[in-house]
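The values are calculated or read from the model by the stated rules, or taken from the named source; none is laboratory data. Please read these numbers as outputs of a predicted model, since none were measured by experiment. Cβ atoms come from the backbone with ideal geometry, glycine included; neighbour counts cover every protein chain shown.
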Amino acid sequence: MYFKQIVLGFLLIAPIVLIVSFVVTYLYGALVHGIGMLEWESSIRLAVVFGIALPVIRQLDKRKAL
């Protein structure tokens, strides 16, 4: 049950973080360096880390509240 909710949380959070980090890295590169480039490595790493960490923390908080 908890694993299923964590996986669903990952599938919801990871794409959102990936899109936001794509936009941020592109705008940073365009505004600061004058070259609009996506940093795939950083964006995917952030999406995976936040996609795993946030659902796990949410489930631990729910368990603690019970």
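Kindly provide the set of residues from segment 38-58 that are at pLDDT 90 or above, surrounded by 12 or more Cβ atoms within 10 Å (Cβ to Cβ) and of a type outside the set (A, V, I, L, M, F, W, C), ordered by number.
Residues satisfying the conditions are Ser42, Ser43, Arg45, Gly51, Pro55, Arg58.
If we keep just the residues of segment 20-37 that are surrounded by 14 or more Cβ atoms within 10 Å (Cβ to Cβ) and among the aliphatic types (A, V, I, L, M), which is nearest to Ile6 (Cα to Cα)? Don't jump to the end; show me each part of the working.
Filtering segment 20-37 down to residues surrounded by 14 or more Cβ atoms within 10 Å (Cβ to Cβ) leaves 20-22, 24-26, 29.
Applying the additional criterion that residues be among the aliphatic types (A, V, I, L, M) yields 20, 24.
Numbers: Val20: 21, Val24: 26 Å.
Among residues in segment 20-37 that are surrounded by 14 or more Cβ atoms within 10 Å (Cβ to Cβ) and among the aliphatic types (A, V, I, L, M), the one nearest to Ile6 (Cα to Cα) is Val20.
Quick one: what pairs do we get from segment 41-63, first residue under 13 Å from Ile19 (Cα atoms), second among the polar types (S, T, N, Q), C-beta under 7 Å, 6+ apart or different chains?
Ser42/Ser21; Ser42/Thr25; Ser43/Ser21; Ser43/Thr25; Leu46/Ser21; Ala47/Ser21
Working only within segment 6-19, note down all residues that are touching a helix residue (DSSP H, G or I) at 6+ places or on another chain (Cβ under 6 Å) and either exposed (fewer than 15 other Cβ atoms within 10 Å of the Cβ) or aliphatic (A, V, I, L, M) (or both). Talk me through it step by step, then tell me what you get.
First, pick out the residues of segment 6-19 that are touching a helix residue (DSSP H, G or I) at 6+ places or on another chain (Cβ under 6 Å): 6, 9-10, 13-14, 17-18.
Listed by number, the residues that qualify are Ile6, Ile13, Ala14, Val17, Leu18.
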